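Bear in mind these aren't lab numbers, they're just calculated from the coordinates by the rules spelled out. Only a predicted model underlies this, so the values are computations on that prediction, with no experimental measurement involved. We place every Cβ from the backbone using ideal geometry, glycine too, and count neighbours over all the protein chains shown.
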Amino acid sequence: MKVGDIIRYIVENTLETGFPVPAPRDVAYRWALNRNIPRRGRVYLYTGALYQLVPYIDASVKSMERFGRLPGLGKAARLLSRTRLTGIAIRPRRELIEWSERVVASIASLAVRNVEGLAYLYEDDRYSGVLLYEIGAEDAFLKHASRVYAALKERGVEKLITIDPHTTYVMRDIYPKFIDGYDIDVVNYLEVMKDHQASRVLKGKVTIHDPCLYARTLNILEEPRRLLASLGYEIAEAKRSRENTYCCGGPVEAFSPKLSLAIARDRLRELASTATTIVTLCPICYLSLSRARENMSLNITIKDIAELLG
Amino acid sequence: MLNLVETIIDNEELQEALRRATAHAFESVKKILASNPQLMEMAREVKEAKERVLSHLDHYISMTVKKLEERKALVYLASSAAEARGIIGDIVGSGKTIVLSKSMSAEEIGLRRFLESRGNRVYETDLGQFLVQLEEGKPMHVTAPAVHMTKEKIAELVAEKLGANLSRQSSPEEIVAVVRRFLRKQFVNADIGISGANAIAADTGSIVILENEGNIRLVTGLPEKHIVVAGVEKIVPNLILAVKTAIVQAAFAGLYPPTYINIISGPSSTGDIEHKRVYGAHGPRELHVILLDNGRRKALSDERLREILRCVRCGRCLFECPVWGHLANHWGGNTYGGPMGILWTAVVEDKREAYPLTLLCLQCKRCSQVCPMSIPLAELIHDLRKEYVTKAYT
C-alpha cells in the first residue's frame with residue numbers, strides 16, 4: 001500500500017466516523033451500559049476509546065498484512081462502518097473485544113472507587129484523535145480535536161481521568177498547544193489510585209512493560225510499581241525498564257506490520273526472560289506483545305495492570 | 001523504503017549481525033558512563049560550545065581559516081559536494097595511491113568513487129570501512145560501518161576479495177591479520193592520505209582526530225600530502241574543547257578511553273638545521289583542509305533542523321533505536337541512517353529524501369534520551385514527518 005493511502009485512510013476515517021479505523025458507533029461506551037456510572041459530575045472518566053479500538057486496529061492491520069489493503073477503504077465501506085454492520089467490513093477478534101471491555105470496566109471501577117463523584121461521558125467519550133497527531137496529520141488533528149473539545153466543554157467538563165498513555169499525553173500535553181483557552185485538567189487513573197492495604201499474601205513475580213510515553217514523557221513509573229507491590233506482587237525489572245524501557249513496536253504497525261512485529265518479538269523475549277507474568281499499561285503495547293507471542297512458544301501470561309488491580 | 005523493509009528483515013545474516021552488535025553497544029556505553037560520571041559534564045560543555053559556534057558560524061569559520069593558514073595549511077571552503085570533489089580532485093590529480101581513513105564527510109561527497117574514477121588507487125584503511133569498500137556497499141553505522149556483517153560473512157568476503165586463506169570458521173584475529181598485511185603495503189606506497197576530523201579548534205587551527213585502530217596515524221603521517229575534509233560544524237572554539245569533543249564522541253560510541261587522539265596543527269616541519277624552519281620532515285609536507293558546507297549553513301536558518309548540527313556522530317542513537325536495530329542504515333539516505341541520519345540526510349541531501357524515512361520512527365524517544373548533545377532527535381523527526389504527511393494526503 002502507498003503511504004499516502006494509509007494516511008488518507010486514517011484521516012478520512014477519523015474525520016468522517018470519529019474513529020481511525022472502521023468500528024461500531026457505540027464502541028467507546030458499550031462496556032458502560034448497565035453499570036450505572038453517573039452521567040453528570042465534576043470529574044469525568046475519559047477512555048478516549050483507545051482500549052476499545054484495539055480489536056478494530058488489530059483487524060485492520062491483519063487485513064493489510066493478508067490482503068495488502070486496509071478494510072473498508074472507500075465510501076461504501078465507510079458508510080458501513082457507521083452502522084452496526086461493521087462486522088462485515090472487518091473481523092475483530094472476539095477475545096480482544098472481550099478483553100478490552102473487561103479491562104476498561106475494571107479501570108472504571110477502580111477509578112470510581114478512588115475518585116469521589118466520578119461521572120462518565122458515554123456518547124461524549126470520543127476518540128481523542130491521537131493517531132492523527134502521531135502520524136503528523138496536524139490539520140486533521142486540529143479539526144478533530146476541536147470537535148472533541150467542544151463536546152467536552154458543552155458537557156461542562158473541568159477534569160478528566162484518562163486511562164492510557166497515548167490519550168493522557170495528547171489531552172494533557174498536545175491539546176493545549178492546538179486549542180486556544182484549553183482549560184481541562186487531565187489526570188491519569190494510575191496517579192489517583194490509593195494503595196491497597198498492604199497485602200501479606202505473596203502473589204508471585206511479575207515484570208512491568210513500561211510504555212514509552214509513561215516512561216519518557218509523562219513520568220508515570222512509580223505508581224504501577226507501588227500499586228502492584230501493595231497487592232503482594234514482586235516486581236522483577238526487565239533489562240531495559242523504567243526510563244530506559246523498550247518500545248513494543250506498535251507505533252509503526254500501520255506502515256510496516258513486519259517491522260512492528262520484529263520489534264515486538266525482541267521486547268517480548270526480553271520480558272519473558274524476566275518473569276512469566278508480563279504486565280502492560282497500554283492497549284497498544286498489549287496488542288503488539290500479544291501478536292508477537294502468537295508465533296513464539298513462550299510460557300507466559302500477558303495482562304493489563306487493571307486485570308491485576310481490579 | 002517501505003517496500004524494502006520486508007527483504008531487510010528476512011535477511012537473517014544481517015539481523016544476526018545487528019543483534020550481536022546492539023547487545024554489545026548497549027552494555028559498553030552504560031558501563032563507561034556509570035564509571036566516569038565526569039563525561040556527562042564534559043558532554044554538556046561540548047554542547048554549549050557547539051551552540052556558541054553555530055550561533056556565530058561565519059565568525060568561527062574565518063577565525064579557523066586564519067589560524068590554519070598561520071599553521072601553513074592550505075584551506076578551502078567548499079559550498080557543495082561537487083565543489084569539494086573538484087578541489088580535492090585538483091590537489092590529487094590522477095594515477096596516485098591514496099589511503100583514506102574513515103570519514104563520513106568523504107563518504108557524504110562520494111569521494112572514494114570520484115577519485116577512483118579519475119584513475120587513482122584508493123584504499124579505505126579503517127577495517128570496517130575497508131570491508132564496506134570490498135563489499136561495494138555503504139557504511140551501515142556512523143562509527144561501525146561494517147556492523148551489518150557477521151564475522152563469518154566478513155571472513156568470506158576477505159577471502160574472496162583478497163585471495164586470502166580464510167573460512168567461515170576463521171577467528172576475528174586471523175581476519176584482522178590478513179587485512180593488516182594487505183594495508184601495510186598501501187600505507188607505505190601512498191602518495192596522499194585523506195582523513196576527516198572529529199573537531200577543529202578555531203583558536204589554534206588544530207585538527208583533532210580520534211581512533212582506535214592506528215590507521216589514522218599512518219594515513220595522516222606517512223604520505224607526503226594530507227588532505228582533511230570536514231563539515232564546518234566540526235569547528236569548536238578552542239583546542240581543549242576539541243579534545244573534549246573527541247573524548248565525548250568516543251565515550252558515547254562505547255570506546256573509552258580512546259586508543260589514540262591525534263592533534264594535527266599544520267604540516268610536519270623541522271628547525272634543526274640552523275634554526276631554519278623546513279616543511280616536510282618525516283610527516284606530510286602539505287596539509288590541505290577542506291571545510292565543507294554542503295547544506296549545513298542552509299540548515300542553520302531552519303530553527304528546528306539546525307539542532308542536528310550539534311551532533312558529534314557517536315552513533316549512540318542508532319544502537320539504542322529499535323527500528324535501526326533491524327534496518328541499520330538501510331533506513332537512511334545515501335550516507336547517514338538511523339535517527340541522526342534521517343536528520344543529516346535532510347541537511348546534506350534534501351528534506352524530500354528524509355521525509356519517507358520518518359514514517360518508520362516509533363517516536364519512542366530513546367534516541368532523544370541518550371543523545372550526549374541533547375538533540376531532540378525524535379521530536380525533530382516528528383517535525384519532518386508533519387511536513388511530509390501534510391503534503392502526502394492533501
Antiparallel DSSP beta bridges within the protein assembly as shown, as percent of all bridges there, nearest 5 = 20
ask   = Roughly how many whole Å is it from the C-alpha centroid of segment B:58-107 to that of segment B:118-137?
value = 20
Å³ per residue enclosed by the Cα convex hull of segment A:195-309 = 89
task = Return a whole-number percent for the relative contact order of chain A, with Cα pairs under 8 Å and 6 or more residues apart as the contact set.
result = 18
message = If I model a spin label as a point 7 Å beyond the Cα along the Cα-Cβ vector, how far apart are those points for A:Glu123 and B:Lys185 in nm?
response = 8.5
Cβ neighbours within 10 Å from other chains - mean over A:5-11 = 3
query = Under a no-solvent Debye model with one identical scatterer per Cα of segment A:114-162, what's log10 I(q)/I(0) at q = 0.16, 0.20, 0.28, 0.30 Å⁻¹?
reply = -0.51, -0.72, -1.07, -1.14
note = Helix-only [θ] at 222 nm, chain A, -39500 (n - 2.57) per DSSP H run of 4+, per residue, nearest 500, equals -13500 deg cm²/dmol
Per principal axis, descending, Cα span of segment B:270-362 in whole Å = 66, 31, 19
note = Per segment A:7-52, sqrt(5λ) over the Cα gyration tensor eigenvalues, sorted largest first, in Å, gives 26, 12, 8
request  = Return the Cα extents of segment B:135-195 along principal axes one, two and three, sorted largest first, each rounded to a whole Å.
outcome  = 36, 28, 19
inquiry  = I need the per residue convex hull volume for the protein assembly as shown, using only the alpha carbons, in cubic angstrom as a whole number.
reply    = 168
Fraction in percent of alpha-carbon pairs per bin - 10 Å, segment B:37-83 = 22, 32, 33, 12, 0
request  = Treat the count of other C-beta atoms within 10 Å as a stand-in for reagent exposure and order B:His148, B:His382, B:His326 from fewest to most.
outcome  = B:His382, B:His326, B:His148
task = Can you figure out the FRET efficiency of A:Arg113 with A:Asp183, using R₀ = 30 Å and their beta-carbon distance, to the nearest 0.05?
result = 0.65
query = What is the calculated FRET efficiency for A:Glu158 to A:Asp5, with r their C-beta to C-beta distance and R₀ = 41 Å, to the nearest 0.05?
reply = 0.50
query = Using the Karplus equation 6.51 cos²θ - 1.76 cosθ + 1.60 (θ = phi - 60°), what ³J(HN,Hα) coupling, rounded to whole Hz, does each residue of segment A:181-196 give in order, writing x for Gly and Pro?
reply = x, 4, 9, 8, 7, 10, 10, 7, 4, 5, 7, 9, 6, 8, 5, 6
task = Can you work out the PRE-style zone for B:Thr259? Point 7 Å along Cα to Cβ, and I want the residues of segment B:189-215 with backbone N under 14 Å.
result = B:210-215
remark   = Going residue by residue through segment B:319-324, the Karplus relation 6.51 cos²θ - 1.76 cosθ + 1.60 with θ = phi - 60° gives ³J(HN,Hα) values, rounded to whole Hz and with x marking Gly or Pro, of 5, 8, 8, x, 6, 4
ask   = How many nm is it between the label spots at B:Lys161 and A:Arg242, if each spot is 7 Å from the Cα in line with the beta carbon?
value = 4.4
query = Over segment A:140-274, what per residue volume does the convex hull of the Cα atoms give, in whole Å³?
reply = 123
key: Top of B:Lys138, B:Lys276, B:Lys185 by mean-square fluctuation, Gaussian network on chain B, Cα under 10 Å   = B:Lys276
note = Using alpha carbon centers only, segment A:11-67 is separated from segment B:353-387 by a whole-angstrom value of 29
ask   = What is the Rg over Rh value, at two decimals, for segment B:206-250, using alpha-carbon atoms and the Kirkwood definition of Rh?
value = 0.98
message = Check which residues have an amide H placed less than 5 Å from B:Leu210's amide H, if you skip close sequence neighbours.
response = B:Asn198, B:Asn262
note = Subtracting the Cα-Cα distance of B:Ser171 and B:Ser94 from 0.36 nm times their residue separation yields 24.0 nm
query = Which value in Å does the Kirkwood hydrodynamic radius of segment A:145-200 take, with 1/r averaged over all unlike C-alpha pairs and then inverted?
reply = 12.5
request  = Distance between Cα centroids, segment B:250-265 to segment B:1-46: provide it in whole Å.
outcome  = 18
task = Arrange the following residues from fewest to most other Cβ atoms within 10 Å of their Cβ: A:Leu45, B:Leu54.
result = B:Leu54, A:Leu45
remark   = Taking every residue of B:321-329, the Cβ atoms of other protein chains inside 10 Å of its Cβ average out to 4
key: Hydrodynamic radius by Kirkwood, which averages 1/r over all alpha carbon pairs of segment B:57-123, in angstrom   = 13.2
query = Where both partners of a DSSP beta bridge lie in segment B:52-296, what percent of those bridges are antiparallel, to the nearest 5?
reply = 30
ask   = Counting only residues 5 or more places away or on other chains, whose amide H sits under 5 Å from the amide H of A:Val186 once H atoms are built in the peptide plane?
value = A:Leu160
inquiry  = Given axes a ≥ b ≥ c from the Cα gyration tensor, I'd like to know whether segment B:1-88 is rounded (a/c under 1.5), prolate (a/b larger than b/c) or oblate.
reply    = oblate
note = Expected vector for segment B:210-216, Karplus 3J(HN,Hα) from phi with 6.51, -1.76, 1.60 and θ = phi - 60°, integer Hz, x for Gly and Pro, equals 9, 6, 10, 7, x, 5, 5
ask   = Expressed in nm to one decimal, what extension gain is obtained for the pair A:Arg25 and A:Val192 from 0.36 nm per residue of sequence separation less their Cα-Cα distance?
value = 57.2 nm
inquiry  = When the expected Rg is taken as 2.2 N^0.38 Å, what fraction or multiple of it is the alpha-carbon Rg of segment A:248-310?
reply    = 1.07
message = For the pair B:Ser79/B:Glu116, report the inter-label distance in nm, with labels modelled 7 Å from Cα in the Cβ direction.
response = 3.1
For segment B:177-263: rounded, prolate or oblate by the Cα gyration tensor [a/c cutoff 1.5] = oblate
ask   = Near the amide H of A:Asp210, under 5 Å away, which other amide H atoms are found, from residues 5 or more places off or on another chain, if H is placed in the peptide plane?
value = A:Arg242
ask   = Taking N as the number of residues in chain B, what is its Cα Rg relative to 2.2 N^0.38 Å?
value = 0.96
ask   = Counting only Cα, what are the radius of gyration and maximum Cα-Cα distance Dmax of segment A:3-191, in Å?
value = 16.1, 48
Net charge of neighbours whose Cβ lies under 15 Å from the Cβ of B:Arg52, counting Lys and Arg as +1 and Asp and Glu as -1 = 0
note = Fewest-first ordering of A:Phe141, B:Phe26, B:Phe319 by Cβ atoms within 10 Å yields B:Phe26, A:Phe141, B:Phe319
